[in-house]
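The values are calculated or read from the model by the stated rules, or taken from the named source; none is laboratory data. All values reported here derive from a predicted model rather than from experimental measurement. Note that each Cβ is placed from the backbone with ideal geometry, even for glycine, and that neighbours are counted across all protein chains shown.
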Amino acid sequence: MTPAQLLARIKKGTLPPAILLLGPEAYQRRRVKEALAAAVPADAVAQHDLSELSLAQVIDDARALSLFASERLIWVVNSEAALPRGRAAAAEDDEGEAPGPAGAAGESPLPAYLRDPSPGVTLVFEAIRYDFEGDDKRKQDRVRKFYGSISDVVELQRFAPHEARREAESLAKAAGLRADSAALDLLVEALNADVARIAIEIEKLSLYCGQRAVAAGDIAELVPDARSSTIFALVNALARRDRTRALGILDLLTREGEYLPLALAFLSTQFRMALVARESGLKSAQQIQTHFQRMGIPMWGSRADQVYQTVSKFAKPQLERAMKLIFEADKGLRDARPDDRVVMEQFVMKITA
């Protein structure tokens, strides 16, 4: 089940007796938690930690009828701590975690409870420690198996870049933040498509910018990790041959103390990718993204768009010339006591000519 499907069920008022939330994605988990909490009286919400209590104690609380509320929500965190820790489990778990109070071997009381659940009580088991890929997948499968008696399993998958971009646009609109496409691309890329962080930064930007439109400089000023992503805004400006914009971003990078040889290295990568795309006859951002991913090079949709913009603005001879200019600028930056800003400004002037 997806978070959207669960939210639709909550809206209809059909709460299941137990829900298992799997995965580390924080933004959707917060939305689910807020929706569930709003569906019951404020004094009918309880939280338990399975690193402190046993699963049997949590079930006992679910069995206890309330004199004041016909509906109850019991949120259970650290649900991974309830898994038994026998020798086989210990061999799988190589992190050296100490078992919680519910870690003793024995049959889980959950299946028996779910055969006859307490009316009006919803148990939500939060298992967010493990991801869906890599080494975590095996551990997450153990969690899923242990809670196999719960039929309503919600997978909190991380947002894909294009999904994060779409959600950022919705959040910006809801916050009354005026932001163009380039600014939102920069924000999503700077925060690695982490929508929980994007939501926080959009709220900060809306308070900071007020009625004016957000600019790349605002993102670089307020958003952690955004300074390096401002370099990609420079790439975009160069791809459009927007000299004024490119020089403005270069000024921003200089004032923020960016190491300009690093900026040039990013530019070199961008133009090399564009040259490969041009020589491979790639005709769209989707083709570019697919091509590089098949080569084992991770690429976001926004980055593929940047490469495509560069390909569309620069013919092959111009891309080859750009690579020569980058080589000259790199050589200039390595000269004895160079003025990095002057070298980069000369590069911008030449490449946008």
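Can you tell me which residue among 231, 288, 249 is in a helix (DSSP H, G or I) and at pLDDT below 80? Break it down stepwise before answering.
Values: 288 fails: at pLDDT below 80; 249 fails: at pLDDT below 80.
None of the other options fit; the residue is 231.
Filter region 98-108 down to the residues that are surrounded by fewer than 16 Cβ atoms within 10 Å (Cβ to Cβ) and not hydrophobic (A, V, I, L, M, F, W, C), then identify the one that is modelled with the lowest pLDDT.
To start, the set of residues in region 98-108 that are surrounded by fewer than 16 Cβ atoms within 10 Å (Cβ to Cβ) comprises 98, 104-107.
Then keep just the ones that are not hydrophobic (A, V, I, L, M, F, W, C); that gives 106-107.
Values: 106: 54, 107: 72.
Applying the filter and picking the extreme gives 106.
So which residues in region 122-174 are among the polar types (S, T, N, Q) and either surrounded by 15 or more Cβ atoms within 10 Å (Cβ to Cβ) or not in a loop (DSSP other than H, G, I, E, B) (or both)? Residues satisfying the conditions are 122, 140, 157, 170.
Identify, please: which residue in region 304-353 is of a type in the set (Lys, Arg) and at pLDDT below 85 and is, among those, surrounded by the fewest Cβ atoms within 10 Å (Cβ to Cβ)?
Within region 304-353, the subset of a type in the set (Lys, Arg) is 313, 316, 321, 324, 331, 334, 337, 341, 350.
Filter again for at pLDDT below 85, leaving 313, 334, 337.
Values: 313: 14, 334: 10, 337: 4.
Applying the filter and picking the extreme gives 337.
Cβ-Cβ distances below 6 Å connect the following pairs, each with a first residue in region 110-134 that is at positive phi, a second residue that is not in a helix (DSSP H, G or I), and a separation of six or more residues or different chains: 120/70; 120/71. Is it the case, given these coordinates, that residue 114 is modelled with pLDDT of 90 or more, over 29 Å from residue 235 (Cβ atoms) and touching a helix residue (DSSP H, G or I) at 6+ places or on another chain (Cβ under 8 Å)? So residue 114 fails the test. The C-beta contact set for region 1-14 (first residue surrounded by 11 or more Cβ atoms within 10 Å (Cβ to Cβ), second residue of a type in the set (Lys, Arg), distance under 9 angstrom, 6+ apart or interchain) comprises 1/9; 3/29; 3/31; 7/31.
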